[in-house]
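What follows is a structure written as C-alpha cells; I'll ask about it next.
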Amino acid sequence: MAEKIRDYPKLAKDILKAVGGEENVLGVSRCATRLRIVLKRSKPAAREEVSEMPGVITVVENNGQFQVVIGQHVGEVYEEFSSLVNVETSDEESESKGTILNRVIATMSAVFAPFIYILAAAGILQGSLILINLLSDSFVETGTYEVLSFISWAPFVFLPIFIAITASKHFKTNTYIAVACCAALVSPTWGEMAGQIAEGNSITFLGLPLTETVYTSSVLPPIFLVWILSYVEKFLNKRMNEVIRPLFVPFFCILIMVPLTILLIGPFTTMGAIWIADGYNFLAENAPAVAGAIIGAFWQVLVIFGVHWGITPMIIANYDLYGRDSFQAYQMIAVIAQVGAVLGVILKAKSQEVRKVSTSAGITGLFGITEPAIYGVTLRFKKPFIFGCISGAIGCIAASFFNPYYFAYAGLPGPLTIVNGIDADYPLSIWGILLGVVIAIILPVTLIQIFGYGVDTAKKAGSENLVEEQAQRGDNSPSNKPQENEESIDAPLIGKVISLSEVPDEVFSSGAMGQGYAIQPSDNKLYGPFDGTVVMVAPTKHAIGLRSEAGVELLVHIGLDTVKLDGKHFTLNVKEGDSFKKGDQLIEFDREVIEKEGIKTTTPIIVTNSADYEEVINEEIENSKLDQKLFTVVK
C-alpha cells in the first residue's frame, strides 16, 4: 500500500486487468471525474476490486458502463488507459449493449464530457460580462465588450464542430470527415440561405425544398450526422479500392451527408429537440414548483448514476430557441445544496481529518463539480446527502415563485454562475435564485447541526495483509471484550506530528484508509500505543497491524515506499499474535540510513476500523513523546 497513487500507468493497467483485459473492452470515455468503460461482459468481482485500488473513489455500474470515479486526475488515467486498448478499430459496436436509454445517455456523456470545461469557461465569461454591464451601462458600447462577447459565444456558435470531434471518436469514424461535414452546417453561407428561406424565398437542392433550420449551437443534428456517417464511411471503405479510398471516401461522405442533413436529418432532429424542450417548459411554466422540486431533489441522484448528461440537448435547445433556461437555475440550487451539506459536516465534525476531506470536497463544489462532495462526504455519511436533496428541493420550490432563469449557458452550474440569472427583462429571476441559494446553504447546515451527519459508511481498507489475515482468522469484528465509550491512543513514535492530509501519498492523505495522524520520527523506535495484540506484521517489516484490548485496530506504516527496502534497516521485537503493553518497544529502524537512501520516514498511524466509531478526535499537538495522547476514539 506504499506505492504512489500518482502512478497512473499502473492504475490504468490494474483497472484494465480487473475488467477482463483489452479483449473485454468495447469503448472508453471520460467526464470530469469518471473513467467510463463499456464492457462486452460484466465481471461481478471487478467492481469491488477496482473500488479498493489506490486513487479510485468508487465504482458505479450503470447505463451499460463500468464507471470508475477517480476525481480531478481522471484525465491522466484516461490517457494511459486509452493507450492500452484499441477501441478505435474494434469491429464490435458498443451501442449493442444495454437499453436504448442507456445507449443515449452513454453517447451524450462521451460527446459532451471532453469539452464541458470549454463551455463552462465560456459561460463564466458571459456571466462576468453580465456583472460588468450592471456596474457600467456604457461598457456594452465599447470594443472591449464586443471582443469579449464574441469570444464567449464562439464555443456555442461552433458547437457542432466540437461535437464532430468527440462524436467521431465515440462512433468510430474519421474525425476529419466529421469536422468537414459539421463545418458546412455552420457555414455563414448556409446561414444567409436559411435567412432568405425564412423571409419567404424558395431555395431547392436537386429540386427538393430546403428549410430555414440553422445549425449553429445545435446538438442533435451533428450527433445524428456523425452517427449515420460512421455507417456510410464503413460502407464505402469496404467497397472502394484502397488506391482511391483516401480521396473518394471523404468526397462521397461529404457529398452525401451534408445535403442529407440539411434536407432530412437536421429538420427532424431539431424538431425533436424543440418538442423535448417545450415539454419541459410546459411543466416549468404551468407547475414551476413541481419542476423545481423534482430537479432540486433528484439532480444529484442522476449525478451518482452518471445519467445527468442526457439532459444537455434540451438545455442547449432552450438557449438556442428562447435565450434562457430554467433547468440550469434549479440545477445550480441543487448543486449548492450539496455544498451546504458539506459545510454542515465541516461545522459539526470534531475530527480534523473529516473536516479536511470535507473542505477539499467543498472547494470543488464551488466550481459546480459535486462528485467529490457526494462520494467523499455526503453519500459516505448518508444523512448529509439526504439533507442536501431535501434542501435542494425546498430551495427550488421557493425560487420557482420568482420565475428563475439562466440567460447564459453554464457548463457546470454552481456558485460561480449565479450571475447568469441576471436579466433586465426578468428582474425577479435573480432574486428567486438568491432565495433558493440561501435556503440551499442554510437548511442543510441547520439540519446537520440538529440531527448530526450520521455514521461513516465508507469501507475502510487497512493494509491488504491485515485484511487478509483477519479474514483467515475470522476476526474481522472488534474484540468481544467489554468496550468503554472512549479509548485514548498514545503516540507510538517520538517526532513531529502532521495531519494525514499533508502526507504525500493520497492513499493516506485522502482518508480512504481511515482516520488518524502521521509522525515524522526523530527517533528510531516504535512503541506500543496501548495494551493489545499484534495482528499483522508485513513481510518487509515496515508496517504493523495492532489491536487494542477494546477493539481499536491500528495500522502503523513506517515511512513511504519503505516496502522497496525488503526489510533492510528494520528489526522486529514482536511477531504476529504476540501481546504487548503500552510503551513496549515493538520495532527498531535505522531512520538516518533510510532517509539517506532517499526514502521518506513519514509514518501514517491509521485507525483502520474508523467506521466502527462515532468520532476519531485528534489532539492538537505539534510534537509527540512517549505517554502522550495522540487521539481519542469515541464509540
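All of the numbers you see were taken from the coordinates with simple rules; none came from a lab. Bear in mind the structure is a predicted one, so any value in this text is a computation, not a measurement. Note: ideal-geometry Cβ built from the backbone for every residue, glycine included; neighbour counts use all protein chains shown.
Would you kindly calculate the mean projected area, averaged across all directions, of the convex hull enclosing the Cα atoms of segment 287-451, in square nanometres?
So the mean shadow area of the Cα hull is 8.6 nm².
Let me ask you something else. Taking only the alpha carbons of segment 102-151, what extent do you get along each of the three principal axes, in Å, biggest first?
The principal-axis extents, from largest down, are 49, 17, 13 Å.
Continuing with the same structure: If Lys and Arg each add +1 and Asp and Glu each add -1, what is the summed charge of the other residues whose beta carbon sits under 13 Å from the beta carbon of Asn133?
-4
Let me ask something else. Semi-axes of segment 158-270's equivalent ellipsoid from the Cα gyration tensor, sqrt of 5 times each eigenvalue, largest first, rounded to whole Å?
The equivalent ellipsoid of segment 158-270 has semi-axes of 25, 16, 11 Å.
Can I ask one more? Among the listed pairs Lys525/Lys629; Lys13/Lys356; Lys17/Lys600; Lys13/Lys40, which are separated by more than 22 Å between their Cα atoms?
The answer is Lys13/Lys356; Lys17/Lys600.
Nearest 20 debye, what's the magnitude of the dipole of the chain about its Cα centre given +1 on Lys and Arg Cβ and -1 on Asp and Glu Cβ?
Computed charge dipole of the chain: roughly 820 debye.
Right, something else. By how many nm would the segment from Ala287 to Thr571 grow when fully extended, if each residue of separation counts as 0.36 nm and the alpha-carbon distance is taken off?
Result for the pair: 95.0 nm of gain on full extension.
Once the Cα atoms of helix 266-286 and of the chain are each reduced to a long axis, what angle between those two axes, in degrees from 0 to 90 to the nearest 10, is obtained?
That helix lies at roughly 60 degrees to the long axis.
Can you tell me the relative contact order of the chain? Whole percent, Cα pairs under 8 Å, sequence separation 6 or more.
11 percent
Mark the label point 7 Å from the Cα of Leu626 along Cα→Cβ and return the residues of segment 552-587 whose backbone N is within less than 15 Å of it.
Within reach of a label on Leu626, which here means backbone N under 15 Å from a point 7 Å along Cα→Cβ, segment 552-587 contributes 581-587.
Fewest Cβ neighbours within 10 Å first, please rank Tyr405, Tyr78 accordingly.
By the 10 Å Cβ count, ascending, the order reads Tyr78, Tyr405.
Using only Cα atoms, find the angle between the long axis of helix 383-400 and the longest principal axis of the chain, and express it within 0 to 90 degrees, rounded to the nearest 10.
For helix 383-400, the angle is close to 30 degrees.
If one takes the longest principal axis of the Cα atoms in the chain, at what angle in degrees, from 0 to 90 and to the nearest 10, does the Cα axis of helix 8-18 lie?
90 degrees
Just to verify a number: FRET efficiency for Asp590 and Ile450, C-beta to C-beta distance, R0 = 51 Å, to 0.05?
Efficiency at R0 = 51 Å is approximately 0.45.
Test of understanding: ordering Asp578, Asp627 by Cβ neighbours within 10 Å, fewest first, what list do you get?
Exposure proxy ranking, most exposed first: Asp627, Asp578.
List the extent of the Cα atoms of the chain along each of their three principal axes, largest first, rounded to whole Å.
Here the spans come out as 94, 64, 44 Å, largest first.
To make sure I understand, if each residue's beta carbon is the centre and we count other beta carbons within 10 Å, what order do Ile262, Ile311 fall in, fewest to most?
Neighbour counts put them in this order, fewest first: Ile311, Ile262.
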